[in-house]
Amino acid sequence: MEKQEFKIKWGMVIDLDKCTGCGACMVSCQVENNIAPQQDASNKLRTLTWMNVFEMNNGQAFPDHEIAYLPRPCMQCGSPACVPVCPVVATDKNEEGGIVSQIYPRCIGCRYCMGACPYHARYFNWDDPVFPAGMEKTLSPNTSARPRGVVEKCSFCHTRWGRAKERARKEGVDTMDMPQEWYQTACTTACPGGVIQFGDVNNPKHSVYELVRSKYAFRLLERLGLDPQVWYVSKREWVRMLGDNYLESEKAKKHA
Amino acid sequence: MGLDRRAFVQLAVGGVVGTLFTPIPWKLADDAAIWSQNWPWIAKVTKGEIAFKNAISKFCPSGCAVSVRTVEGAPTLVQGSKDNPLSQGGVCPACAAGAQLLYSPARVKGPMKKTQAGFEPITWDEALTTLSAKLSAVKGKDGKVAMVSGDQTGTTSEVFSAFVAALGSQDFYLMPSEGQVAGKAWSIMGGTGKVGFDLKNADFVLLVGADAFESWGPMVRNKKTFGSKRPVGQPNQATYVYAGPVRNRTAAVCDQYVPVPADSLTAFALGLAAQLVQAGKSIDTADFADFKAMLGNFSADKVEKLSGVKAAVLADLAKKLASAKAPLVIAGSPFGQGEGAATFIAGAAVNLLLGQVNKPGGMKVFADFAPVVKGAATAKKLTEASFADYLSKVEKGKASPEVLLVYEANPAYGLPQAEAMSKVMEKIPFVVSFSTFLDETAQKAQLILPNPHPLERLDDLATPYGYSRAAYLVSLPVIKPVADAKPTPDLILGLAAKLGLDLGFSTYQDVLKAKTEAVGASWGDVSKGKLFASDVTKDVSGLNLATAVLAKAAIPNRDPAYPLALAPLAQLNVGTSALATAPQALVTIRDTELLGNDMFVQVCAETAKANGLSQGAKVKLTSSQGECVARVNVSETVMPGTVAAPLGFGRTAWDKFTRGKGDNLSKVLALSPEPGTNVSVWSDTRVKIAKI
Amino acid sequence: MDSNLFPEGHERCSLGRFLAWIVFLGLFLGFGGYAAFVILSQGLVVTGLDNYFGFGLWITFDLAVIALGAGAFFSGFLKYILKIDQLKHIINLAVIVGFICYSGAMLVLTLDIGQPIRAWFGYWHPNVHSMLTEVIFCITLYCLVLVIEFVPIILEQKQLNKIPFIHHLAHNLHVNMALFAGIGAFLSTFHQGSLGGMYGVLFGRPYAFREGFFIWPWTFFLFVLSAVGSGPAFTMLVATFMEVLTGKKLVEYKVKTLMAKIAGSMLCLYMFFKIIDTWYWATSYLPSVGLTFDQMFYQTIYGKWLMWSELGLCGVLPAIMMITPAIRNRPALLYTAAILDCIGITINRYVFTVQTIAFPALPFDKWVTYTPNWAEWAPAGLIVAYGFVVLSLSYRYLPVFPQEKALNAK
Amino acid sequence: MEEKKTSSQSGGALPFILGLLAALAVGWWMFPKALFSESHQPIRFSHKVHAEQGMACDDCHKMRDDGSYAGLPNNEKCGECHSDVVGSDPAEKKFVEEYIQKSKEVPWIIYQNQPDNVYFTHSAHQAQECTECHPKMTDNDSPPVARINKITGYTERTLKMWQCERCHAENGVSNACYVCHK
């Protein structure tokens, strides 16, 4: 499939030098996307965490052991591995902005897309969502609750973009060039550390425009060629090195 | 001839063929698929008008200034309030799950009394009649009623302390907190008013123990400030150094981590002071000469012996502090409680030596807001009163309360030596819990009078400890209580009237309006979420450096029977003593922290080897006061000789999401009097670890 | 009792014994059916699958049986298109085995998708770029072809064949079988390839990703070759197994060696390309994405022994054994080689399914292991039992083996 | 035996045709009836009466300030005129007594309710006439019966995806998935 380019390119920039792994982004994501709480959430192989914070370290012993936390939303890849494999077009990258869509009423739950994604950003809804009595009254209006048996993932809270466009129409603002703060994802707004920034990386008026061009910016597994729309930033070399796989010889070269 | 077999088959075939030319199979297949897309048992989302309302969420100790998104009036999302300097749009992981906690399965649905068979729902009338009868029986008798509150920042403390005082008792307490110890330490130094820290203007921040991005002070404001001082891809505008026993979440993002055992934090700070004094810095206090002499015991070499911090590292840090434009030292507990006064005093002394008091980027001192409720305890008095000490007195029979009132606090679970404390509470004949959730303390109470959830009530927030300015904010209810709960301060004011006690107000709203006026703020502003903040600082002349206290308290006392230092971890996503993990926050807990029903303690490979432990081994942690069980996670983030362990697990009440998961570390925390101040300390708890 | 239903002039065991056998198989069917009911009513939460292993035992099982069922299309192709007449002695069995494998795989697939009610979306809303779409269409169509190929065998049943219409129909189908065999060969080649393509296109999964030709990665062609290199061997093994069960000679040994020769030749071809492919993957592709060969393996469960077994013990070795006349003419060695061949192909399908997704592409992630649970084993057992039932019924009532009568003449 | 065969052969196609016709009748006539249930609005609201008073559609069916669409008016809006019974229609009396005075919202049936997984925004469709999707209600003195699909829960008038897609395609608007789904 040929790669599609759009005028708007929604991108996320995550500063790993600020993230303390507190979990506020994950909680907000669970809430905003109506993910039902699971009694045993310690079985990470069955939880639904569209935003998941990984912990990584430099492999040294105390006291040189450094750690970093890496929040991982869906990468909304420019060349998604998941989209071409879906047999029923339940996932696609065909909308302005380049968010990879996942349509629950279309998904048949074959999980091929999960197998395709090296970031583990896709989750299968193993069981029907059950909310404690009454809690369904607090469901977010922005995401439908999914039945079991379908694959789901981070959508960059895209319904918020729809709402921002409503506001733009009302206020007579160009929907293709809205102020950055009109459309922000739940994790971005929640983060108490200002770790996450979100905007149109093609729009010089948005902060992310400059950030993705920083020499400290990198993306996960760039060499596999998925062309993610999520960038990470770190001044620590070991952190940047952990963003991809390198042979020993390449590591030496990088350090030189 | 009737219908023979062949004709029947033909008929059936005709029927089948015919059916294929009707909508039946196709429409059914399609409709069945649509049905699977809208299964009736899958929850439907709320529809309607979306609005945002400012409020205060008190699930974290500092309180978050939040903006609540409502749909047709129902809260659906708690975010940070953008224009509020305390949150700047960010929110802590505990408060982020706040809207959903409205319907927590652990919520107390209505007033209940304990009977032989367990709790029994009762009417508010019955509940209040019972309570007022109990209270009128002890009214006027000295020391027969006591109250403890977990609200560190609200004017509720004024109402409650005034009420208790009017009943003839002095026993109103706040749950232990960082701010309380700081206040006490500041008093020992002869200071008045409240201390804050100007992170925003500091260019070099040394965190001595203080876990500023998780459990110390207003975490959201601290992190937002940190973030803003370190613009992405550009040079850092401020350097952050963390000193403490664990490379915790705060240390993970600091520029430098200095391993310091928890019991040596004071010595470490004094070591820095000694270096600065050596470099010619001084403080204008009467006892500076004594102080200087005492620092002779904290030379770099001696500090290295006490704390293990290399002399060169100490000297280098002192140099960096001295050469920074706006250095700031924040000394406190690595887990938000249990530190002695000496650590704060030593930290303050370094700030004084650096000339960083009431200067931009330094330590700030400002006046407390005056109480508005007649007979309310002063802020100073609240810092003096320790609830843990009070319960010790009850245990020894030196105090014998008939009634204990508990507001938004969970002492039966969260106090150090939790098991013993919980037993002492059983000695009090009548315990009343004003709690939103069925926590461990409520479960022990004779009467539970549910308090509304923070989004359901009128509340206020006055200068959370650590914030650099005197600040005030009011929050109006976002939604009517979804359980049969009544706001406790109003209830107390009503009881006061019933008991013939005059507190000067009949509703809590009147109290807050008076408070707003006293603060000098506008009700219209603060109640809409606009933070009132004053930059007026307070003169700090006449301080002393509590040299005698420091000399005694800075020397660690290590019982060889307990070879390991315990480093508790307070993490807001796991919860606080007053809040078990929110259902939506469960996924944030790593499987190296909790797996199934087992929690993990963290030790480095060296400690693991020395104690014969391997990854996943089941162990028992034992202190002089209690024990708890866990599994071992080998993590190189922890100092050798230290075992890090999470607070917040081991719930025995609450709901299926938290009950029975892990063990309660508070049981292990051991109280000891701080030499020189007699402040009860438990940040230096020592333990032994054994495989089971 | 049911002897007048038996194929002309054949002896079969007593009905009671046969029923006992069916009841025994019924136990597996029942347990599998129960598992299927639990899975359909409660969802895949009851299985051992998880976030890291969306694919597991079932997909491995499907791929393996489809590869092993390839005897049907390849034998058909050889018999009807290339006119290798000797294969007529085993072609019926090949068709039945193929039918069992394909229909069984489709049954498992229905369980394997999270929303079986929407299974038809695959036809109605196809994504033409997806290899899985190709698989869905080809498998369905080929399964239909197999039904069409199976039907004449059924119609030749002694009693049915007495009806003139059925007799004529069966005859006509037979006459046109070359057409279906041709369609079948085309469809089956494609979807065997697409199954391989499914993995080869996963450019986010370094274990499986392969460059290729036009839209097809090399795995596309390797899967076709490996299927034809094992399918005939499997068919031959089934025939032999049936001989053991029935205590009768069913197929001439010469036919078996012919099947082995076919499988062996194809396996040789396959191994030649497979080894080149593996070599290129390990020495060129992996380093290009910063990975090493060693990093692809983990402990015993995903250890290198799997690869060495697949390529050596169960690849090159049986290939040589089957193309060497001296070896393949000795039954014990022939069967050993065929069994090794089938195991090798099963390992191949297993590692492509499970090890592919087990390898943690993210450098800071860790290996996770997967073990199927009862809810996955039971339906797999159901399919095996279903296969036995179909084979048993076919053998008992249908003229499957044209040589049976002659070989067992007393 | 022989005779029977002949007889059924001579009448050969008849049972087949009978079966065919029966199936067609069931499929085209009974099935659609059985598939839908019929529901009536809780209050007999007359759009006509309101339109005759000179009220425009968007007097009640408003866009909110944030650009979203308010849909049906609530009691607060209706109560502006109907805080008390103003006319003589028994339906109005029922509305005032059972809903307004009891502060209970009317559980109106929405004819074109979309499921949760659809994000429809009226603000992007303001250039269209309401009646392109909705029935013309101004002439309605009593609200139409709502026919609800027993399997899907959709009303008969709920727009299906192909209808949205067709209109989007005709107007050159994107048919990308996330344009309409959430």
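FYI, it's all coordinate maths here, none of it is from the lab. Since we're looking at a predicted model, the values are computed, not measured. Every residue, glycine among them, receives a Cβ derived from its backbone with ideal geometry; neighbour counts consider all protein chains shown.
Charges at C-beta only: +1 for Lys and Arg, -1 for Asp and Glu. How large is the resulting dipole of the protein assembly as shown about its Cα centre, in Debye rounded to 20?
On the way: 146 positive and 132 negative charges, 493 e Å.
Using only the charged Cβ atoms, the result is roughly 2360 debye.
Among DSSP beta bridges lying fully in the protein assembly as shown, give the percent that are antiparallel, nearest 5. The antiparallel proportion sits near 65 percent.
Note the angle between two axes, namely the Cα long axis of helix D:161-170 and the longest principal axis of the Cα atoms of chain D, as a number of degrees from 0 to 90, rounded to the nearest 10. Roughly 70 degrees, rounded to the nearest 10. Taking 17 Å as the cut-off, no amide N atom of the stretch B:364-380 comes nearer than this to a point 7 Å along the Cα-to-beta-carbon line of B:SER522.
Taken over the alpha carbons of the protein assembly as shown as equal point scatterers, the Debye sum produces base-10 log I(q)/I(0) values at 0.03, 0.06, 0.08 Å⁻¹ of -0.19, -0.71, -1.11.
Straight-line cross-link reach from B:LYS661 at under 18 Å between alpha-carbon atoms covers these aspartates and glutamates, not counting any fewer than eight positions away in the same chain: A:ASP40, B:GLU419, B:ASP439, B:GLU440, B:ASP591, B:GLU593, B:ASP598, B:GLU627.
For the residues D:ALA51, D:ALA22, D:ALA34, a GNM of chain D with alpha-carbon springs under 10 Å puts the largest fluctuation on D:ALA22. For C:HIS191, the shell of other residues with beta-carbons less than 12 Å away shows a net charge of -2, using +1 for Lys and Arg and -1 for Asp and Glu. Using a Förster distance of 35 angstrom, determine the FRET efficiency expected from the C-beta separation of D:GLU80 and A:VAL173, and round it to 0.05. With R0 = 35 Å, the Cβ-Cβ based efficiency is 0.65.
Count charges around A:ASP200 for me, please; just the other residues with Cβ under 11 Å from its Cβ, Lys/Arg as +1, Asp/Glu as -1.
Values: positive: A:LYS7, A:LYS9, A:LYS205; negative: A:GLU96, A:ASP177.
For residues surrounding A:ASP200, the net value is +1.
For the protein assembly as shown, the mean residue ellipticity at 222 nm estimated from helices alone is -11500 deg cm²/dmol, where every DSSP H run of n ≥ 4 contributes -39500 (n - 2.57) and the total is divided by all residues, rounded to the nearest 500.
For B:LYS224, the aspartates and glutamates whose Cα comes closer than 18 Å to its Cα, not counting residues fewer than 8 places off in the same chain, are A:ASP15, A:ASP17, A:GLU181, B:ASP83, B:ASP198, B:ASP203, B:ASP211, B:GLU214, B:ASP255.
Label reach from B:ASP484 (point 7 Å along Cα→C-beta): in the stretch B:122-164, amide nitrogens under 13 Å belong to B:122-128.
For an R0 of 60 angstrom, estimate the FRET efficiency from the Cβ-Cβ distance between A:PHE6 and B:LYS552 and round to the nearest 0.05. Given R0 = 60 Å and the Cβ-Cβ separation, E is 0.30. What the Cα convex hull of chain D gives, in volume per residue, is 221 Å³. Only beta bridges with both residues in the stretch A:10-255 are counted; by DSSP, about 80 percent of them are antiparallel. Multiplying each eigenvalue of the alpha-carbon gyration tensor of the stretch A:10-255 by 5 and taking the square root yields semi-axes of 28, 23, 19 Å, largest first, rounded to whole angstroms.
Grab the other residues whose beta carbon is less than 14 angstrom from that of B:LEU447, score K and R as +1, D and E as -1, and report the net. Taking every other residue near B:LEU447 into account, the sum is +1. Taking the fewest neighbouring Cβ atoms within 10 Å as the starting point, the ordered list for C:SER288, C:SER194, A:SER207, C:SER41 is C:SER41, C:SER288, A:SER207, C:SER194. Centre-to-centre separation between the Cα atoms of the stretch B:619-656 and those of the stretch B:313-360: 30 Å. Between the helical axis of C:91-112 and the longest alpha-carbon principal axis of chain C there is an angle of about 50 degrees. For B:TYR240, the residues whose modelled amide H falls within less than 5 Å of its own, excluding neighbours fewer than 5 places apart on the same chain, are B:VAL205, B:ASP255, B:GLN256.
The Cα center of the stretch B:492-562 and the Cα center of the stretch C:260-337 differ in position by 76 Å. For chain B, DSSP calls about 55 percent of its internal beta bridges antiparallel.
Taken along the Cα-to-beta-carbon direction at a fixed 7 Å, the label points for C:LEU245 and B:LEU20 span 3.4 nm.
My understanding is that a pair violates if its Cα-Cα distance is over 32 Å; which of A:LYS3/A:LYS215; A:LYS153/A:LYS215; A:LYS18/B:LYS656; A:LYS215/B:LYS200; B:LYS47/B:LYS515 do that in this structure?
Details: A:LYS3/A:LYS215 25 Å; A:LYS153/A:LYS215 29 Å; A:LYS18/B:LYS656 34 Å; A:LYS215/B:LYS200 27 Å; B:LYS47/B:LYS515 38 Å.
Long pairs (Cα-Cα over 32 Å): A:LYS18/B:LYS656; B:LYS47/B:LYS515.
Reported to the nearest whole Å, the Cα centre-to-centre distance from the stretch D:15-83 to the stretch D:112-147 is 9. Cβ crowding within 10 Å ranks B:SER161, D:SER142 as D:SER142, B:SER161, fewest other Cβ atoms first. Taking other C-beta atoms within 10 Å as the exposure proxy, B:TYR467, C:TYR298, A:TYR216 rank C:TYR298, A:TYR216, B:TYR467 from fewest upward.
Computed from label points 7 Å out along Cα-Cβ, the spacing between B:ASP4 and D:CYS57 is 6.5 nm.
In summary, the lysines within cross-link reach of C:LYS79, defined as a Cα separation below 26 angstrom excluding same-chain residues under 8 places away, comprise C:LYS88, C:LYS158, C:LYS248, C:LYS249, C:LYS254, C:LYS256, C:LYS261, C:LYS405.
Using Cα atoms only, what is the angle between the long axis of helix B:156-166 and the major principal axis of chain B, expressed in degrees (0 to 90) to the nearest 10? Once rounded, one gets 70 degrees.
Using the Cα gyration tensor of the stretch C:3-407, with a ≥ b ≥ c the square roots of its eigenvalues, what is the shape: rounded (a/c below 1.5), prolate (a/b larger than b/c) or oblate (neither)? Prolate, because a/c is 1.5 or more and a/b exceeds b/c. Remark: for residue pairs B:LYS396/B:LYS620; B:LYS44/D:LYS62; B:LYS444/B:LYS538, the C-alpha separation exceeds 32 Å in B:LYS444/B:LYS538. Here each label is just a point 7 Å from Cα along the line to Cβ, and for C:TRP367 and D:LYS104 those points are 6.5 nm apart. Relative contact order for chain C: 28 percent, from Cα pairs under 8 Å spaced at least 6 residues apart, divided by residue count.
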